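**Student:** One structure is given below, represented as structure tokens, and several questions about it will come after.
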Amino acid sequence: RRRARAVGVDRNGAVLAVGGDDALCRCYDLVRGSLSQPSWSAKHRGKVWTVSVTPDGTRVAAGDYANAVVLYAAADGAVLWVKTSWLGKGAPFTWAVHFSSDGKTLAIGHWDAYAYLVDAVDLREFGAIKRSDRVYAVALSSDGALVCVGGRDKRAAVYGIYGDAVAAVFETRHEAFVYTVALSHDDAVLAVGCVDCVVSIFDVASEARTSTISMEGLVQNLCFAPAARDLAIAAEQNTVDVWDLANPSQPREKLVVTRHTTTNDVALSARGFVFCNGTIFSPMGM
């Protein structure tokens, strides 16, 4: 049995993508299909560490440990675009892919110390952000006008995207590596997860840290709900947690699901959420 590393789901909870150590990207139809058999699967040359699904459920992006990011048609797995060339040096690991809420922009975080921006409609790469060390995390705003980048340099920075130009807006510094970042659906709240087991919450407009959430293990992934300030947290602890950040200064634990082992990834939809831990991935309604 192979480890499930990554999950992604569309806004309505109909299309599920799963990446695994067996180098497969799998896609499931959660409305008409079954979890016993994917609608399609695609083989990569290395483990598939990160996946993302466009909110409208039409496309799937998958990044692997063999220097490739592939954009697929969600309906049949047809390959739409492939990235195999990189600006920096280092291990061939893609650790983050993320679509904007309008599905028009794709962000990629790579161990070569760059974050890349892709026009997901015209299928062209239009920007690259150089960092001083490995990029572990990327998150786009709803309209693709902002991108947050986090990584091994212990920083999470927000950049404005102006056509094909990118400019820094503000930066947050942390005590440990930044493994994951997420922006709320209204682009008002930024969540930053680190390996020191802390999730920091920031107000984007004021750039102020409003609160923190302490976990029992290092924070591996974060995901906001598509239409609420609900934040799902995947961490090295035996629960999947969802927090209500309607008031960012007073986070409220909304849901705790106990599992048999730590959680690698989690994704929220309007219908529920999907998580993966070890050999298991599962969608749950709520």
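The values are calculated or read from the model by the stated rules, or taken from the named source; none is laboratory data. Keep in mind it's a predicted model, so treat the numbers as computed, not measured. Positions of Cβ are generated from backbone atoms using ideal geometry, with glycine treated the same way; all protein chains shown enter the neighbour counts. SASA here: full protein model, heavy atoms, side chains in, ligands and nucleic acids out. Shrake-Rupley method; radii C 1.70, N 1.55, O 1.52, S 1.80 Å.
**Student:** Whole-Hz ³J(HN,Hα) for each residue in segment 137-154, computed from phi via Karplus 6.51 cos²θ - 1.76 cosθ + 1.60 with θ = phi - 60°, x for glycine and proline: what do you get?
**Tutor:** Each residue of segment 137-154 in turn: 8, 9, 8, 9, 6, 4, 9, x, 7, 10, 9, 9, 10, x, x, 6, 7, 6 Hz.
**Student:** Can you bin every Cα-Cα distance in segment 138-245 into 10 Å intervals starting at zero and give me the percent of pairs per bin, rounded to whole numbers?
**Tutor:** Each 10 Å bin holds this share of Cα pairs: 16, 51, 29, 4, 0.
**Student:** Sorted by accessible area with a 1.4 angstrom probe, largest first, how do Thr50, Thr258 fall? It would help to have the intermediate numbers written out before the result.
**Tutor:** Numbers: Thr50 10, Thr258 100 Å².
Sorted descending by solvent-accessible area, the residues read Thr258, Thr50.
**Student:** Here is a further query. Lys and Arg at +1, Asp and Glu at -1: add these up for the other residues within a Cβ distance under 11 Å of Asn12 and post the number. Numbers along the way, then the final one.
**Tutor:** Values: positive: Arg11, Arg271; negative: Asp10, Asp56.
After counting each charged neighbour, the total is 0.
**Student:** Where in segment 207-227 does the label zone of Asp186 land, with the point 7 angstrom along Cα→C-beta and an amide N cut-off under 18 Å?
**Tutor:** Counting only backbone N, you get 207-211, 224-227.
**Student:** Where does segment 51-127 land on Rg/Rh, using Cα atoms and the Kirkwood Rh? Spell out each step's value before the answer.
**Tutor:** On the way: Rg = 11.6 Å, Rh = 12.3 Å.
Reported Rg/Rh (Cα atoms, Kirkwood Rh): 0.94.
**Student:** Please give the peptides 173-179, 41-47 ranked by average Cβ packing (other Cβ atoms within 10 Å per residue), highest first, as a rough proxy for protection. List each step's numbers first, then the result.
**Tutor:** Details: 173-179: 17.6, 41-47: 15.7.
Packing order, densest peptide first, comes out as 173-179, 41-47.
**Student:** Please work out the Cα center distance from segment 18-35 to segment 256-271, rounded to the nearest Å.
**Tutor:** Their Cα centres are 16 Å away from one another.
**Student:** Spin-label point model (7 Å from Cα, Cβ direction): what's the Lys104 to Asp56 distance in nm?
**Tutor:** For the pair Lys104/Asp56, the computed spacing is 1.1 nm.
**Student:** Once the Cα gyration tensor of the chain is found, what semi-axes does its equivalent ellipsoid get, as square roots of 5 times the eigenvalues, in whole Å, sorted largest first?
**Tutor:** Details: eigenvalues 119, 104, 62 Å².
That gives 24, 23, 18 Å for the three semi-axes.
**Student:** With point charges of +1 on the Cβ of Lys and Arg and -1 on the Cβ of Asp and Glu, referenced to the Cα centre of the chain, which listed residue (His44, Val135, Leu123) lies farthest in the positive direction of the dipole?
**Tutor:** Among His44, Val135, Leu123, the one farthest towards the positive end of the dipole of the chain is His44.
**Student:** Can you give the FRET efficiency for Arg259 and Tyr162, using 1/(1 + (r/R0)^6), R0 = 41 Å, r = Cβ-Cβ distance, to the nearest 0.05? Kindly include the intermediate steps, with their values, before the conclusion.
**Tutor:** Values: r = 42 Å, r/R0 = 1.03.
Efficiency at R0 = 41 Å is approximately 0.45.
**Student:** Compute, for the chain, the length of the dipole vector about the Cα centre, with Cβ point charges of +1 (Lys, Arg) and -1 (Asp, Glu) only. Units Debye, rounded to 20. Please list the in-between numbers first.
**Tutor:** Numbers: 28 positive and 30 negative charges, 163 e Å.
Rounded to the nearest 20 debye, it is 780 debye.
**Student:** A further question follows. Suppose R0 equals 25 Å; then what is the FRET efficiency for Ala145 and Ala228 from their Cβ-Cβ distance, rounded to the nearest 0.05?
**Tutor:** On the way: r = 21 Å, r/R0 = 0.84.
Calculated transfer efficiency: 0.75.
**Student:** Let me ask something else about it. Please give the per residue volume of the convex hull enclosing the alpha carbon atoms of segment 216-286, rounded to a whole number of Å³. Walk me through the numbers before you get to the answer.
**Tutor:** Numbers: hull volume 5.5 nm³, N = 71.
Residue-normalised Cα hull volume stands at 77 Å³.
**Student:** Using Cα-Cα distances under 8 Å and only pairs 6 or more residues apart, what relative contact order does the chain have, in percent?
**Tutor:** Working: 919 pairs, mean separation 35.3, N = 286.
In percent, rounded to a whole number, it is 12.
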